[in-house]
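Structure, as structure tokens:
Derivation of every value follows stated rules applied to the coordinates shown; laboratory data play no part. The structure displayed is predicted, hence computed values, not measured ones. Glycine gets a Cβ as well: all are built from the backbone with ideal geometry, and neighbour counts include every protein chain shown.
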């Protein structure tokens, strides 16, 4: 540690504020906030339990800068602004944040409504960010169909109207605009319509329908039937929209549901906007994180990024995990919304179901991000690198061979080998094994036989071993496989056993199993490989049993071949079914001659049984 940094650490203030860690290139690599700068900053340099991410961060710190604030909420706002400004490597950052479009409602006497990617503090209202451009365009089309908002860029004010500076365009004649440029609609009436647009963009469709119904009744009472008809048509269109919005709660509360899925350095955030009990919108954020980032910090960053812009803040924000600075966030959101904002973690009921639904959307979004990344960079699936990390392998497991044993009460024991390349099944390389050297139900001996047959052949062919060998089972199956591999003189290989009961992973030489995090895509890949090996073995075993039954019972009869036996079993189900079927039925299936052969055979067998 350099003397300058050491001096600063000794003189840290006991006050709230923001700290910035700087590397040897004078670049800000991390921005954080604290209620007490002294205790928080010093905690990074203690010798206690520290995550790999923090260790990597601390190793690069050569200097730090402090900004003292009056309270934690001020520190939170400043921290958020500095993160947006510097985009430090070790902070959670928003990906492509400048590319998200908004719908802008301008602050003019006769406001315009249009899409924009530039957010200015000019008094206009902004709705978004729309992470799906199709959704934004759909919203604008809906507004243009229902409301007569001007599309021109004219600077219309009372002075220009009085001087008759402008003339109405085609939009007026096709009833797409009410002609504010010539004063054909008052400023008050036009802004009432704009307020209706704002309510629609906020998701308050049902409230808007109630207001329009009141207006329609008023127009009818005043015998303004043409205006009432226009309002009726508008109400019908809005009711069609409202009917498509899914009702998810009956308490008519405004809330947002936030859920996050993350893997490695990729993170996806899904946000459901619920207004008056209905889902009225969905937002998605892409977050860039470091390996080992804590979920509480990711939630905290997502909330700051999303609500820092021109976004309506509801009374409740529902999540599955508390953010790292929940109390400060609640205070900041309440200040920003000018009302009490609660952060809620539901344990059961409808809200918990909504969080799970939101989580599923986040997981799908994350998979899409990873797929796009793979296509762009030509990478192998992330699941492989996750598996390499989880199993502590020295090489990427691009080729995996997995073995499974299948038998029924010790009969017709078979084994399967399935092969996955780059995380995908390679069915042309699948192999089936009939166990020949083992009597009875002995899975360990069966595993030894199949491993010896498979890898002695590879040695003869001088073919390379897979990067990972996997056996379906626990310590016993794994030990059997390792014994044979060692006997064959194979030294450099990676092998594991996966037990189904608790999804435990067994390593050679370890008596105790290890667990892989349930959320890891590496574990999901192992499960997929194991299940495919089991399916392949079971299918082969059933086919073997079926063939053995046909051969032993029917194909020994002279004049009855395999195809004839198969026809009979398909139609009548079993040998007993064939015995019980009448001669007429059997004749209709295989013909008179072969039916006579069967009849004579079963009669002769019955006579022999009676003699015994």
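Assorted remarks:
- Taking the inverse of the mean reciprocal distance over all distinct Cα pairs, the Kirkwood hydrodynamic radius of region 143-214 comes to 13.2 Å.
- Relative frequency of Cα-Cα separations exceeding 23 Å in region 381-536, percent: 32
- Spin-label model, residue 210 to residue 367: label points 7 Å out along the Cα-to-beta-carbon direction sit 4.1 nm apart.
- Computed over region 3-91, Kirkwood Rh from alpha-carbon pairs, angstrom: 13.2
- Listed peptides 399-406, 576-583 by packing density, highest first (mean Cβ within 10 Å): 399-406, 576-583
- Modelled this way, with points 7 Å down the Cα-to-C-beta line, the labels at residue 24 and residue 360 are 5.1 nm from one another.
- Applying the Kirkwood pairwise sum to the alpha-carbon positions of region 98-244 produces a hydrodynamic radius of 16.4 angstrom.
- What the Cβ-Cβ distance of residue 583 and residue 491 gives, at R0 = 51 Å and to the nearest 0.05, is a FRET efficiency of 0.15.
- With a Förster radius of 41 Å applied to the C-beta separation of residue 389 and residue 35, the computed FRET efficiency comes to 0.75.
- Once the Cα atoms are used to define both axes, helix 187-201 deviates from the longest principal axis of the chain by about 20 degrees.
- Value of [θ]222 nm, deg cm²/dmol, for the chain, DSSP H segments ≥ 4, -39500 (n - 2.57) each, nearest 500: -15000 deg cm²/dmol
- Difference of contour (0.36 nm per residue) and Cα-Cα distance, residue 233 to residue 134: 33.1 nm
- Region 217-233 and region 474-522: distance between their alpha carbon centers, rounded to Å: 77
- The chain - percent relative contact order, Cα under 8 Å, separation 6 or more: 8
- Projected label points at residue 151 and residue 458, each 7 Å from Cα along the beta carbon direction, are separated by 6.5 nanometres.
- Full-stretch length increase - residue 527, residue 434 - with 0.36 nm per residue and alpha-carbon distance subtracted: 31.1 nm
- Nearest-ten-degree value, helix 562-572 long axis tilted from longest Cα axis of the chain: 60
- For residue 518 and residue 121, the difference between the fully extended length at 0.36 nm per residue and the C-alpha to C-alpha distance is 138.4 nm.
- Stokes-Einstein D for region 315-377, Kirkwood Rh over Cα pairs, 25 °C, 0.890 mPa s (µm²/s): 178
- Shape analysis of region 60-137 yields a ratio of the Cα radius of gyration to the Kirkwood radius, Rg/Rh, of 1.11.
- Put simply, the Cα atoms of region 554-611 extend 32, 20, 19 Å along their principal axes, the longest span coming first.
- In the chain, the longest principal axis of the Cα atoms and the axis of helix 225-244 are about 40 degrees apart.
- (i) 60; (ii) 52; (iii) 64, with the label sought being that of the calculated percent of Cα pairs over 34 Å apart: (iii)
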